[in-house]
Amino acid sequence: MKSLNLYETGALAPEKTRIAIIDDHRLFREGVKRILDMEEGFSVVAEGDDGSEAEMIVSEHHPDVVLMDINMPHVNGVEATRRLVEKAPDTKVIILSIHDDETYVSHAVQTGASGYLLKEMDADSLIEAVKVVAEGGAYLHPKITYNLLNEFRRLSTSKNVNNPDTIGLQEVEYRKPLHILTRRECEVLQLLADGKSNRGIGEDLFISEKTVKNHVSNILQKMNVNDRTQAVVEAIKNGWVRVK
C-alpha cells in the first residue's frame, strides 16, 4: 500500500516564514510587503512604523524575521534590535538602511542583527536575505560585504606593515582552491569577493540565478562556512581570490 505524503494531499501545509516589517516610510513598507507576499513560503504577519512597537509586535505576532528600518523618529532600529535580542532571541532581525558605511553595519551586527540590507536592494536580494536569516544564517548586502572586506584588507595590511614577521594579505600568493572547489565554483567565489549579487554573478557568467544559488550553496558546504561573507573572508585569508 502506497503511503500518502501529507504535504502533497494538502492535509499539512509547509510552515511559512512569518515576517514583520517596521519602517516609518509607508510607501517603502508597502513595496516590501508586496514583494514578500508574492513569495509562496512567506507570510507578512505585522507592520509597524517605529522601533518602539517592535517588542509588542513580536510578542503578539511571533514573527520569525523582523525587517527593521535603522532610522526611525522615536526608537531607532539598532536600539529596537538590542531590546528584541534580549527579550526574544529566537526572532531574527534584518536591518534596512540607506547607509553603507561600515560603522553603521558593525554597530547593527554587534547589537544582534542577523542581516543588513541597503534600501537600494532588488527583490531577489530581499527574498534571499529573509530565507538565509530565517534558516539561521547571516546576510549582508553585497555592497556592504565588499566595503567590509576592503576595510578588513586595509586593517590587516596596515597591521602587517608594522610587524615584519607577518605577511600582509596583499602578499598572499593567489591560488585557486581546486582541491575542494570546481573551476566554476572558483569563478563564483571570486565574484562574491567582488561584491556581486546572485543576479550580477549570473549575468557575468551567463548562467541562471538558480544555478548561481546552487553553486553558492555548494561553496558554503565545501568550505564549511555558514554564509557568503564567511566564505569570502576565508577565501581572502587563503589567497583563493584576487583582492582589488
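The values are calculated or read from the model by the stated rules, or taken from the named source; none is laboratory data. Bear in mind the structure is a predicted one, so any value in this text is a computation, not a measurement. Positions of Cβ are backbone-derived with ideal geometry, glycine not excepted, and every protein chain shown enters the neighbour counts. These area figures cover heavy atoms from the full protein model, side chains too; ligands, DNA and RNA do not enter into them. Shrake-Rupley method; radii C 1.70, N 1.55, O 1.52, S 1.80 Å.
So which residues in region 189-233 are acidic (Asp, Glu), out of contact with any Leu (no Cβ under 7 Å at 6 or more places or on another chain) and surrounded by fewer than 16 Cβ atoms within 10 Å (Cβ to Cβ)?
Matches in region 189-233: GLU203 only.
Of all helices (runs of 4 or more DSSP H) completely enclosed by region 24-127, which ones contain at least 1 residues that are open to solvent by less than 70 Å² (accessible area, probe 1.4 Å) and polar (S, T, N, Q)?
It comes to 77-87, 102-111.
If the Cβ limit is 6 Å and pairs must be 6+ apart or interchain, which residue in region 21-32 that is closer than 21 Å to ASP64 by Cα pairs with which residue that is outside any helix (DSSP H, G or I) and β-branched (Val, Ile, Thr)?
Correct list of pairs: ARG29/ILE21; VAL32/ILE21.
Would you pick out the residues in region 206-244 that are of a type in the set (A, V, I, L, M, F, W, C) and assigned to a helix (DSSP H, G or I)?
Step one: of region 206-244, the residues of a type in the set (A, V, I, L, M, F, W, C) are 206-207, 212, 216, 219-220, 223, 225, 231-233, 235-236, 240-241, 243.
Correct list: VAL212, VAL216, ILE219, LEU220, MET223, ALA231, VAL232, VAL233, ALA235, ILE236.
Inside region 181-237, can you point out the residues that are among the acidic types (Asp, Glu) and closer than 22 Å to VAL105 by Cβ?
If the condition is that a residue be among the acidic types (Asp, Glu) and closer than 22 Å to VAL105 by Cβ, then ASP194, ASP227, GLU234 are the ones that fit.
If the Cβ limit is 6 Å and pairs must be 6+ apart or interchain, which residue in region 176-199 that is under 23 Å from ALA129 (Cα atoms) pairs with which residue that is open to solvent by 20 Å² or more (accessible area, probe 1.4 Å) and part of a loop (DSSP other than H, G, I, E, B)?
Listed pairs, sorted by first residue: CYS186/LYS176.
Does region 234-244 hold any residues that are in contact with a helix residue (DSSP H, G or I) (Cβ under 8 Å, 6 or more places away or on another chain) and either closer than 11 Å to GLU185 by Cα or open to solvent by less than 30 Å² (accessible area, probe 1.4 Å) (or both), and which are they?
Residues satisfying the conditions are ALA235, ILE236, VAL241.
Go through LEU155, LEU178 for me and flag whichever is at pLDDT below 85, more than 20 Å from TYR104 (Cβ to Cβ) and aliphatic (A, V, I, L, M).
None of the other options fit; the residue is LEU178.
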